[in-house]
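The structure appears below as structure tokens.
The values are calculated or read from the model by the stated rules, or taken from the named source; none is laboratory data. As the structure is a prediction and not an experimental result, all values here were calculated from the model. Note: ideal-geometry Cβ built from the backbone for every residue, glycine included; neighbour counts use all protein chains shown. The area values use the complete protein model at the heavy-atom level, side chains included, leaving out ligands, DNA and RNA. Shrake-Rupley method; radii C 1.70, N 1.55, O 1.52, S 1.80 Å.
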Amino acid sequence: MTLATQTGKLPVERRGVFSKKLSGILEPYLYVSPALVLIIAVMLMPLILGLSYAFRDIRILNPFSGGFVGMAHFQTLMSDQAFLGALANTAWWTFGSLVFQFGLGLILALLLNRAFLGRGLIQALVFLPWAVPTFLSGLNWAWMFNPVVGPLPHWMTSLGLMAEPYNILSDPDLAMWGPIIANIWFGIPFFAITMLAALQSIPKELYEAASIDGATTRQQFISITLPFLAPTIAITLMLRTIWIANFADLIVVMTKGGPADSTQIVASYIFTQAFRRLDFGYASAIAAVLLVLLLAYALSVIALRRAMTHSDN
Amino acid sequence: MASIEIANARKSYGAVDVLHGIDLDISDGEFIVLVGPSGCGKSTLLRMIAGLEDITSGDISIAGNVVNDLQPKDRDIAMVFQSYALYPHMSVAENMSYALTLRKTAKEKIADAITNVADILGLSALLERRPKALSGGQRQRVAMGRAIVRKPQAFLFDEPLSNLDARLREQMRTEIRKLHRRLGATSVYVTHDQIEAMTMADRIVAMHDGIIQQVGSPVEIYDHPANIFVASFIGSPAMNFLEGTYETKDDNGADGAGIRLSDGSLVAVLPARGATNNQAVTLGARPEHITIAPDANSGLAARIDLIEPMGLSTLVHATLAGKPIKIFTMDRPDYAVDSTIHVSFDMEKVHVFDTKSELRLPPVIEPHPGHRD
Amino acid sequence: MTLTGHTSTRKMLYWGSHYLMIAAFVIFALFPLYWLLKVSVTPNDILYTEGVRMWPSRTTWDNYTFVLTQSNFPHYFMNSVIVAGTTAAVTTVIAALTGYAFSRFAFRGKVIIVALMLITQMFPLVMLIAPIFKILAPLGLTDSLTGLIIVYTAFNVPFATFLMQSFFDGIPKDLEEAAMIDGNTRFEAFRAIILPLTLPGVAATLGFVFTAAWSELLFALMLVSSESASTFPVGLLSFVSKFSVDFGQMMAAGVLALIPACLFFLLIQRYLVQGLTAGAVKG
Ligand SMILES: Nc1ncnc2c1ncn2[C@@H]1O[C@H](COP(=O)(O)OP(=O)(O)OP(=O)(O)O)[C@@H](O)[C@H]1O
Ligand SMILES: [Mg+2]
């Protein structure tokens, strides 16, 4: 990474000045350029191209399509009941998954943060679902919800949750729970890993000091653990919300958005529009709206956090 | 070995100026100590010499060659970091030989150099260990060893002893001095500990807010501080300062010089160069230059606040003219707190500073001209 | 944790419930995988009749032998190994360089680049399929493993970069400065001193990207049309769509697909926690 290096004890030639200054300034860019080129070429350019589709009529099977349609897609969208339903489903899917992933992930992290016999092995086992390819988990969970080949409906019946074993994935009122449960299973490890990392970076002396000051375990949790975890929790929750809202794989595999669109979320609706109806223009318009909504969500969370930390001081 | 010249070197981070034009010539083989309060720019200056920070403007030369645009590796200097910066994945021997290996030194030569240096520093038994398995003092030695094996043109030290306990620090202080005598290498040593500065330096460079305040031998800096900052920073316990006005007549109207303190009492001083009647001045007196009078007939009245026995000596805290002062005495006084004593100032040793510019106004006639070298 | 003589009842209760909860988590995590395994060793004729039994009355390896010898799966498997392996390696190198720059340099445009990387995490990736196809097609990169590798690398670089950065942040700057004074250029110091110290981070990043690339279905499905360039997930899906679904064989293939990803993950999950520990709490 050096352009001009000189050895020996000769006086430096003045032309070296320029090249060293220049190489010093350029150096960081040399390190980041591969990533930058890749991201611009494979993510940013396609994004812009994709956004432009939102204003065009692009249907793969229609040779006359391709024209500019202005805001037409967005106008259709405003009155598209399926889309509006998908928006509501997205909120339900996202927060339903998130609450349990986070709550259970935090509990798991707290459990793993104490030393006990076999912790290493247990940790590896409970983190395993994260490594399972998502469509495989989807298929497997769909299988387990099926009363013919899966145990879950029978268990729920014996627990009195169901009158008789049936497949909740075909019940419009309950179907969303199927993908959500699969998603919880898949997502707990992520939260557990992140929270465990944050827990382990809390200095032990703080707990020792607090216990000398007479704090009970619960008081220590409230006055030390939670404040320390708060920044990590805030960031992870925000990133995960966005990620889950965009995450259609499990739904596409398990229910395809059905029955009767009861599990259709925006991300899976985009998928349906693009690859079942082959209407890329409309799909891009939906995607653009989703992107804007998610950006707005992220920015408002960041703004809220900033406002809160400022009022603290 | 080499000399180092720094000419009008400046450093700024964006709009913040950290160093404002540093001029300093370090001769071949000299041991220079940079001292100053936290944040004054010592590390920055040292890192500029090392090549780890760019120089915003000005020149730095080593052995007569401008090195502004040389990479650290091409400057032939060694540095000991405050954190030691030992490579955690290498053994002690590998740590010390890394630089030589990079220079493609012959294997046998490296082995000789390592054995030799390990001997000097008492590391022979530890050569195969990883830094993790060493005590703080041992790590410090390895860091020293890593610098020494290279026989560089100059050594740079950034607070190398600040992580050690007092006893070890004292011991390493002498060892570094001995090593320097033995190797004769040009050294620049950064510390904020003024005792290290006093005991180790050939010359002290006192810095404040990115400006060199004074350069001189430890005794010179101690005895003839250039301004209030240097006077207050060097010396422990610190110098006492009492504000007042300069007067050219004493209480009886005779010609002389004195400083009228806020309570109206007059302290006699040697006539100060450039001082005029009624000028606002500050009297500076080191604790050892104030004596407690045996009776109430002479000197100024002061009230005892605290007696601090220090073993060899005793430090008396008192209030004089409304100001707290410290008095150093070899006696073992047993005054009660709140009792009144009388003190007098050693006229030849106290300093007069201009309160406004904070500069020292030296006596018109130096009392011991022979002292300067 | 050793339970000493004066263990109080409360402590016993605490550890009792601790282990009970841990057990619940382990069962929740492993039961679906167990079910996958069970189905894969159940003979076809009793697949439905004994559908809800905890363990079938007879077991068979037929599904596995079929998948390994009669199907295209070994070929898909190789493709996936190539794609996931190369993606992991390339992504880790790029992310290490970028993460190092983020950790060590202050430079103009850094904030913008970081923001850009964060924003890429918000895209509905579905939206990118058609445009990426359009960009890759003229370059001959659709229907090719290389094209998949490029796309996966780009998708994984942002997160991998932040992961690597958190590892670098945990290593004192003094170390490469010492190496630079000892005779390295900055890049040499990065390679010889800093990288060896971040090996856990490198392992974590490799493993994370490997599992992600190993599982990816959508782009593999849309960018590749020929059998010869199909990856494992696509092949698995072909069980569902093409024939009457042969669940036993599909589950057997699924179990086989799990093995490399799980192995990788088991090896690295410790480092993942460690790496996040270094950087997690600064946000
Ligand atoms: N990267 C930077 N950006 C902006 N300001 C900086 C930077 N690095 C250092 N400074 C500022 O430069 C000044 C000098 O720092 P320097 O590290 O040289 O102090 P120091 O004299 O070594 O102090 P200490 O005794 O605490 O080590 C400080 O005020 C510091 O805040
Ligand atoms: Mg410093």
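Descriptive notes on the structure:
- With the cut-off at under 15 Å, measuring from each backbone N in region B:211-254 to a point 7 Å along the Cα-to-Cβ line of B:Glu288 picks out B:218-225, B:234-240.
- Note on A:Asn113 and A:Ala303: with the Förster distance fixed at 35 Å, the Cβ-Cβ geometry gives a FRET efficiency of about 0.65.
- Förster radius 51 Å - calculated FRET efficiency between A:Leu278 and A:Lys204, Cβ distance, rounded to 0.05: 0.30
- Here the relative contact order of region A:135-270, from alpha carbon pairs under 8 Å that lie six or more residues apart, stands at 29 percent.
- Approximate spin-label separation A:His154-B:Asp295, in nm, with each point projected 7 Å along Cα-to-Cβ: 11.4
- Highest-fluctuation residue, C:Thr161, C:Thr69, C:Thr87 considered, GNM on chain C with Cα pairs under 10 Å: C:Thr69
- Spin-label proximity, A:Trp243 to region C:81-123 - amide N less than 19 Å from point 7 Å beyond Cα toward beta carbon: C:88, C:91-92, C:95-96, C:99, C:114-123
- Measuring nothing but protein heavy atoms, the accessible surface of chain A at 1.4 Å probe radius is 69 percent carbon and sulfur.
- The relative contact order of region C:1-137, computed from alpha carbon pairs under 8 Å that lie at least 6 residues apart in sequence, is 11 percent.
- Shielding by partners - mean other protein chain Cβ count within 10 Å, residues of C:20-28: 5
- Relative contact order of region C:71-282, defined on C-alpha pairs under 8 angstrom at six or more residues apart (%): 35
- Entries in B:Lys11/B:Lys42; B:Lys11/C:Lys173; C:Lys110/C:Lys173; A:Lys204/C:Lys173 that, when Cα-Cα distance is taken, lie over 23 Å: A:Lys204/C:Lys173
- Rounded to whole numbers, the Karplus 3J(HN,Hα) couplings from phi for region B:231-242 are 4, 7, 7, 8, x, 9, x, 5, 5, 8, 10, 10 Hz, using 6.51 cos²θ - 1.76 cosθ + 1.60 with θ = phi - 60°, and x at Gly and Pro.
- Distance (nanometres) between label positions extended 7 Å along Cα→Cβ at A:Val292 and B:His342: 9.2
- Listed residues B:Pro152, B:Pro160, B:Pro218, most fluctuating in chain B (Gaussian network, C-alpha, under 10 Å): B:Pro152
- Within region B:331-353, backbone nitrogen closer than 14 Å to the virtual label 7 Å beyond the Cα of B:Ser232 toward Cβ: B:353
- Membrane-span-like helices in chain A, defined here as complete DSSP H runs extending at least 30 Å along the helix axis by their C-alpha atoms with mean Kyte-Doolittle hydropathy no lower than 0.5, are A:14-39, A:81-112, A:177-200, A:280-312; this is a sequence and geometry rule, not a statement about a membrane.
- B:His89 accessible area, assembled protein chains, probe 1.4 Å, Å²: 50
- Only the Cβ atoms of Lys and Arg (+1) and of Asp and Glu (-1) were treated as charged; on that basis the dipole of chain A about its Cα centre amounts to roughly 1140 debye.
- Think of each Lys and Arg Cβ as +1 and each Asp and Glu Cβ as -1; about the Cα centre, that makes the dipole of chain B roughly 1700 debye.
- Solvent-accessible surface (1.4 angstrom probe) belonging to C:His75, in square angstrom, nearest 10: 80
- Prolate is the label for the protein assembly as shown. Its Cα gyration tensor axes, ordered a ≥ b ≥ c, give a/c of at least 1.5 and a/b above b/c.
- Of the residues B:Met310, B:Asn163, B:Ala226, the one whose Cα sits farthest toward the positive end of the charge dipole of chain B, with +1 on the Cβ of Lys and Arg and -1 on the Cβ of Asp and Glu, is B:Asn163.
- Packing order of peptides C:50-58, A:277-285, highest average first: A:277-285, C:50-58 (average count of other Cβ atoms within 10 Å over each peptide's residues).
- Separation in nanometres of the label points that stand 7 Å from Cα toward Cβ, at C:Ile82 and C:Arg191: 2.8
- Take each peptide in C:143-150, C:231-238, A:245-252, count the other Cβ atoms within 10 Å of every residue, and average; sorted highest first, the result is A:245-252, C:231-238, C:143-150.
- Counts of other chain beta carbons within 10 angstrom of each beta carbon in peptide C:90-102 average 4.
- Ranking A:Leu30, B:Leu242 from most to least accessible surface, computed with a 1.4 Å probe over the protein chains only, gives A:Leu30, B:Leu242.
- P(r) for region B:239-354, from all Cα pairs and a bin width of 5 Å, is 2, 12, 22, 25, 18, 11, 7, 3, 1 %, short bins first.
- Computed over region A:73-312, the range of Cα coordinates on each principal axis works out to 65, 49, 30 Å, biggest value leading.
- Antiparallel DSSP beta bridges within chain B, as percent of all bridges there, nearest 5: 75
- Normalising the Debye intensity of chain B to I(0), with uniform scatterers on Cα atoms only, and taking log10 at q = 0.07, 0.12 Å⁻¹ returns -0.41, -0.96.
- Accessible-area order (highest first, 1.4 angstrom probe) of the listed residues C:Arg186, B:Arg203: B:Arg203, C:Arg186
- Placing +1 on the Cβ of every Lys and Arg and -1 on the Cβ of every Asp and Glu, with nothing else charged, gives region A:115-270 a dipole about its Cα centre of roughly 280 debye.
- Whole-percent carbon and sulfur share, accessible surface of chain C, 1.4 Å: 69
- Taking every Cα-Cα distance in chain C and sorting them into 5 Å bins from zero, the calculated P(r) comes out as 1, 5, 9, 11, 13, 12, 12, 11, 9, 7, 5, 3, 1, 0, 0, 0 percent.
- Were the residues from B:Arg181 through B:Asp23 laid out at 0.36 nm apart, the gain over their Cα-Cα distance would be 54.3 nm.
- Helix runs (DSSP H) in chain C reaching 27 Å along axis by Cα, Kyte-Doolittle at least -0.5: C:9-40, C:73-104, C:145-169, C:247-279
- Of B:Ser38, B:Ser262, B:Ser135, the one that fluctuates the most in a GNM where chain B has Cα springs shorter than 10 Å: B:Ser135
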